[in-house]
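The values are calculated or read from the model by the stated rules, or taken from the named source; none is laboratory data. The structure displayed is predicted, hence computed values, not measured ones. Here Cβ is always computed from backbone atoms with ideal geometry, including for glycine, and neighbour counts include all displayed protein chains. Surface areas here come from the heavy atoms of the whole protein model, side chains and all, with no ligands, DNA or RNA. Shrake-Rupley method; radii C 1.70, N 1.55, O 1.52, S 1.80 Å.
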Amino acid sequence: MAHKFTFYNTLSRKVEEFNPREEGKVSMYTCGPTVYHFAHIGNIRTYIMQDALIKSLGYAGYDVKRVMNITDVGHLSSDADTGEDKMLAGAKREHKTVMEIAKFYTDAFFKDFDAVGNKRPDVVEPATNCIPEFIHMVETLIEKGYAYVAGGNVYFDTSKLQDYYVFSSEVEKEQLQVGVRDDVEEDTNKKNKTDFVLWFTKSKFEDQALKWDSPWGVGYPGWHIECSCISMKHLGEFIDIHCGGVDNIFPHHTNEIAQSESYLGHEWCKYWFHSNHLNDKSGKMSKSKGAVLTVSVLQEKGYDPLVYRFFCLQSHYRKPLEFSYEALDQATQAFNKLVKRVAELKEDGAVDVAAKEKFEESFRDAVSNDLNTSMAITILYDVLKADINDATKLALVESFDSVLSLDLIGHAKGLSEGPDVDPELEMFILDAIERRANAKKAKDFATADAIRAELLEKGVEIKDTREGVKWQLI
Ligand code: AMP
Ligand code: ZN
């Protein structure tokens, strides 16, 4: 029997107990990246939190099968079917073909996806692999009366649904309706403002590079249809959990539900998991803004990608998270201290099974309680402080790392192969660096300077660098 697991279901707008259709098994679908540019660290936050969800479900005893698409066609610069295809814009920008762009950015995406400790989905499917499936679904939707052809394009008729805005409260519905009304680029082919494109033929983008034959003429699919089809291709008529960032709720997921449930004639997915955005001081991070901060860029600056993961896991997936180099520097210090403590643990005898199980239970409770990853990390600290032997602590670090994926033991091994410094002195240094960072944050520069002097007295010199505070013995 799997452990009780709860998380916030956007569909019911509350934290709910999770009950999959099949005992102990989870079918999960994740919206993948649009590969017209690098995935920024905000996108990667979303995939880290989904990875934490999958591994937490695993820790609670569930067997998860996960499918992800790669959007390589049809996602226009506005989610509301207007603007230019993002892939085409990317190809023009870089004087390459759309397929070259797709390959390059898919590879770059997975490089960063892997670097932050994520497990690859069981199935990854590019949208351009599934054109016959899209055409079949669009044909069926027309046959069932949910879709119509106008001006050469095929549209989903949202007026055929009892409740189109499935995720929204009454107030939010009002706001969305106003938003849709205010959409300046009106498409006169649409019967209703909320209708969306299932298949484009006559668009204003005559130079669209990827086109396929279809019953409605040569064209290409709308963005939303791919997720409905790809999930059904690999997971069947029902899925347990559908994941994405909060920006996917409307219109993307709203439209996915509209077309999937109309096609199937029954409820499609019961639980919707959405993680909140990473922002920087200027606001939401966005690929289309141009300069993109990626995990690889952080790595080039000397940051460990797993420190970025640690930074993400310390905050709750439902809260917006603000990125700054200062915050990442602090995470680096805390991470290094953690690794140091793990490196000091010795294989000192038998594991205390009862103590281990007790801590594992607390850890499981934390991650199963609306994915409380910061509490899970607190429990890791509790273990390191606990009155149990080192062998038990090491076993617990390894056990927790099956969810956290911070490679603490690997890092600790790397450390013990480094220069030999008295462990107590090193602990003192790391602690002093943290106290100094806190003092600086509180604008208490006198204390910060005093800590620097205190370290110098012990023969330790510190330097503030882009990669965080570095120290050396002098
Ligand atoms: P995209 O490649 O733009 O389709 O986005 C890939 C994933 O990243 C989607 O699930 C988005 O919801 C998510 N996402 C987009 N912007 C952010 C952000 N600033 N922070 C976190 N996740 C984001
Ligand atoms: Zn999707």
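Residues considered: Thr373, Thr392, Thr378. Of these, the only one that is under 13 Å from Phe310 (Cα atoms), among the hydroxyl-bearing types (Ser, Thr, Tyr) and open to solvent by less than 10 Å² (accessible area, probe 1.4 Å) is Thr373. The residues of the stretch 413-423 that are modelled with pLDDT under 80 and in a helix (DSSP H, G or I), listed by number, are Gly414, Leu415, Ser416, Pro423. For the stretch 214-228, indicate whether the set of residues that are open to solvent by 40 Å² or more (accessible area, probe 1.4 Å) and within 27 Å of Lys173 (Cα to Cα) is non-empty. So far as the stretch 214-228 goes, no, none of its residues is open to solvent by 40 Å² or more (accessible area, probe 1.4 Å) and within 27 Å of Lys173 (Cα to Cα). When the stretch 28-43 is filtered for residues that are away from ligand 2 (no atom under 13 Å from the Cβ) and in a loop (DSSP other than H, G, I, E, B), the ones remaining, listed by number, are Val35, Tyr36, His37, Phe38, Ala39, His40. Taken over the stretch 138-160, residues that are among the hydrophobic types (A, V, I, L, M, F, W, C) and crowded, with 22+ Cβ neighbours inside 10 Å amount to 5. Restricting the first member to the stretch 82-97 and to residues that are at pLDDT below 85, and the second to residues that are of a type in the set (A, V, I, L, M) and surrounded by fewer than 19 Cβ atoms within 10 Å (Cβ to Cβ), the beta-carbon pairs closer than 6 Å and six or more apart or on different chains are Leu88/Ala209. Only one of the numbered conditions (1) in contact with a Ser or Thr (Cβ under 6 Å, 6 or more places away or on another chain); (2) aliphatic (A, V, I, L, M); (3) open to solvent by 50 Å² or more (accessible area, probe 1.4 Å) is violated by Leu415, and that is (1).
Yes/no per residue for (1) touching a His at 6+ places or on another chain (Cβ under 7 Å); (2) within 11 Å of ligand 1 (Cβ to nearest atom); (3) β-branched (Val, Ile, Thr); (4) assigned by TED's automatic domain parsing to the domain that holds Val64:
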position: Phe250; (1), (2), (3), (4): no, no, no, yes
position: Asn276; (1), (2), (3), (4): no, yes, no, yes
position: Lys284; (1), (2), (3), (4): yes, yes, no, yes
position: Phe323; (1), (2), (3), (4): no, yes, no, no
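Of the helices (runs of 4 or more DSSP H) lying entirely inside the stretch 223-337, those containing at least 1 residues that are away from ligand 2 (no atom under 13 Å from the Cβ) and without any contact (Cβ under 8 Å) to a residue 12 or more places away in the chain are 254-264, 295-300.
Table: residues versus (1) part of a strand (DSSP E or B); (2) away from ligand 2 (no atom under 16 Å from the Cβ); (3) free of Cβ contacts under 8 Å to residues at least 12 places away in the same chain.
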| position | (1), (2), (3) |
| --- | --- |
| Lys4 | no, yes, no |
| Leu11 | no, no, no |
| Val26 | yes, yes, no |
| Arg45 | no, yes, no |
| Ala52 | no, yes, no |
| Ser56 | no, yes, no |
